[in-house]
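A short write-up of the structure that comes next.
The values are calculated or read from the model by the stated rules, or taken from the named source; none is laboratory data. Keep in mind the model is a prediction, meaning the values are calculated, not measured. Note: ideal-geometry Cβ built from the backbone for every residue, glycine included; neighbour counts use all protein chains shown. For accessibility, only protein heavy atoms count, side chains too; no ligands or nucleic acids. Shrake-Rupley method; radii C 1.70, N 1.55, O 1.52, S 1.80 Å.
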Amino acid sequence: MAKKKTNPDTRPLALVTGASSGIGLELARQFVQNGFDVLIAAEDDGIHQSRTELSKDGARVEALQVDLATYEGVEQLYKKAQELGRPVDVLAVNAGVGVGGDFARETDLKAELNLIQLNITSAVHLTKRVTRDMVARGEGRILFTSSIAAVLPAPLEAVYGASKAFLQSFSEALRNELKDVGITVTALMPGPTETNFFHRAGMDDTRVGRQEKDDPAQVAKEGFEALMAGKDKVVAGALTNKVMSAASHVLPDAVKTAMHRHMSEKDPKASHDS
């Protein structure tokens, strides 16, 4: 675990995306509490409140409100990092969004294309920029917030599940490519977590949307510890997440798909509660 440092010139720097709330904010908090300064980014104006909150722990916290679903937004964030005049020691690619519903009959194409731009394109874009700098220095750490959805076909979240499968594969491939140059790559794989994700995805009335979920602070802690230990991945949160991840290696695809669909379908109890 990183030792706490008091000299701002010697504190390592972490760049965390999607840090206005949820897992991203808690990841930023983990970095701050363990001796890092942070550059945090998100699309919504909550990122400024996050900066104020995180600055109370004595770290230097820079914040940028930016839309990472655009090419220009990613370039703006990378430029901001360069302007700090310090290397990015850790890149935490956490920004992401979900879209729930039947792909052919319910969901909005623009929302799904935006999902792809944020969850996939911006992750590749920002990682390309920062990783080249890490390679030049011969050191660095990268954390991708993936999901247990990466190992389960995801009906009623088809594009989201595919985006996480992409990130999981991308993470594992980069880890192999970079293993001899002093850079580690870790995938954080949470299950359902108590964040704004399900509300933004229009899934409040689904079974998974209504069930008890994991604490984002605990998920972030497990992710941070796995990152600092140089692990390839960590299935964070409840034991059921670990069971589901392990089962994904032995269960037929049809069974895994049915399991995910059951969780993502509308909860019959929701209509009775309204």
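Values as computed for the structure displayed
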read-out: Within the range 49-140, chymotrypsin sites (Phe, Trp or Tyr not before Pro) in DSSP loop having at most 14 other beta-carbon neighbours inside 10 Å; value: 103
read-out: Three-way shape label, the range 12-76, alpha-carbon gyration tensor, a/c 1.5; value: prolate
read-out: In the range 77-118, GluC sites (Glu not before Pro) in a DSSP loop with at most 13 other beta-carbon atoms within 10 Å; value: 106
read-out: At most 14 other Cβ within 10 Å, DSSP loop - trypsin sites (Lys or Arg not before Pro), the range 72-166; value: 105
read-out: Area accessible to solvent at residue 31, 1.4 Å probe radius, in Å²; value: 0 Å²
read-out: Formal net charge of residues neighbouring residue 144 (Cβ-Cβ distance under 13 Å; K, R +1; D, E -1); value: +3
read-out: Exposure ranking of 172, 177, 222 by accessible area [1.4 Å probe, largest first]; value: 177, 172, 222
read-out: Theoretical FRET efficiency, 1/(1+(r/R0)^6), r = Cβ-Cβ of residue 266 and residue 108, R0 30 Å, to 0.05; value: 0.95
read-out: Linear extension gain, residue 132 paired with residue 176, 0.36 nm per residue minus alpha-carbon span; value: 14.3 nm
read-out: Stretchable slack from residue 44 to residue 84, in nm (0.36 nm times residue separation minus alpha-carbon distance); value: 12.2 nm
